[in-house]
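The values are calculated or read from the model by the stated rules, or taken from the named source; none is laboratory data. Bear in mind that the values here come from a model prediction, so they are computed numbers and not experimental data. Reconstructed Cβ throughout: ideal geometry from the backbone, glycine too, with neighbour counts over all protein chains shown.
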Amino acid sequence: MPRNRYPLYPQTQRRAEALGERLRLARMRRRMSLAELAKRTGVARGTLTRLERGDLSVSLGLLARVLAILDLEADLDRLAQDDELGKRLQDVHMRRPRRPPPEQAR
């Protein structure tokens, strides 16, 4: 049974393609061939080609392995690190401290 494919927003697709290009350049700077990276990651060259082209249907596990082999695994720690929107939403929904009832005049 074929998998459902959900389209990405154009901006998301561009970011995925830019990530793939950065991975390709990092591999090339290390003078590593696609075949060598495929052997070290245990996947087919075609799968790595898809990753380098920005195809996000490849697994996150593969991305993590590629980053580790390229000695870029610390970059995973930066993903979604600063969730400013989430923090603001959390602050809005936090309960405010209850005020003591005003003292009545005697």
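Of the residues ARG45, ARG24, ARG50, which is without any contact (Cβ under 8 Å) to a residue 40 or more places away in the chain and over 23 Å from PRO2 (Cα atoms)? Exactly one residue qualifies, and that residue is ARG24.
Using the structure shown, decide if GLU21 is outside any loop (DSSP other than H, G, I, E, B) and either over 19 Å from the mean Cα position of the chain (by Cα) or not polar (S, T, N, Q) (or both). So GLU21 passes the test.
Here VAL66 does not fit the description of being assigned to a loop (DSSP other than H, G, I, E, B), out of contact with any Phe, Trp or Tyr (no Cβ under 9 Å at 6 or more places or on another chain) and surrounded by 10 or more Cβ atoms within 10 Å (Cβ to Cβ). Whether any residue in segment 69-91 is surrounded by 10 or more Cβ atoms within 10 Å (Cβ to Cβ) and in contact with a Ser or Thr (Cβ under 9 Å, 6 or more places away or on another chain) is what I want to check. Scanning segment 69-91, I find at least one residue that is surrounded by 10 or more Cβ atoms within 10 Å (Cβ to Cβ) and in contact with a Ser or Thr (Cβ under 9 Å, 6 or more places away or on another chain), so the answer is yes.
Could you tell me which residue of segment 72-82 is nearest to ARG31 (Cα to Cα), considering only residues that are without any contact (Cβ under 8 Å) to a residue 24 or more places away in the chain and not in a helix (DSSP H, G or I)? Break it down into steps so the answer makes sense when it comes.
So in segment 72-82, the residues without any contact (Cβ under 8 Å) to a residue 24 or more places away in the chain come out as 73-82.
If we keep only those that are not in a helix (DSSP H, G or I) too, we end up with 79-82.
On the way: LEU79: 26, ALA80: 30, GLN81: 31, ASP82: 33 Å.
Step by step, filter segment 72-82, then rank; the result is LEU79.
Looking at VAL43, VAL58, just one residue is assigned to a loop (DSSP other than H, G, I, E, B), touching a helix residue (DSSP H, G or I) at 6+ places or on another chain (Cβ under 7 Å) and closer than 20 Å to ARG14 by Cβ, and that residue is VAL58.
Would it be correct to say that ARG31 is surrounded by fewer than 13 Cβ atoms within 10 Å (Cβ to Cβ), at pLDDT 95 or above and in a loop (DSSP other than H, G, I, E, B)?
Values: surrounded by fewer than 13 Cβ atoms within 10 Å (Cβ to Cβ): yes; at pLDDT 95 or above: yes; in a loop (DSSP other than H, G, I, E, B): yes.
When the stated conditions are applied, ARG31 passes them.
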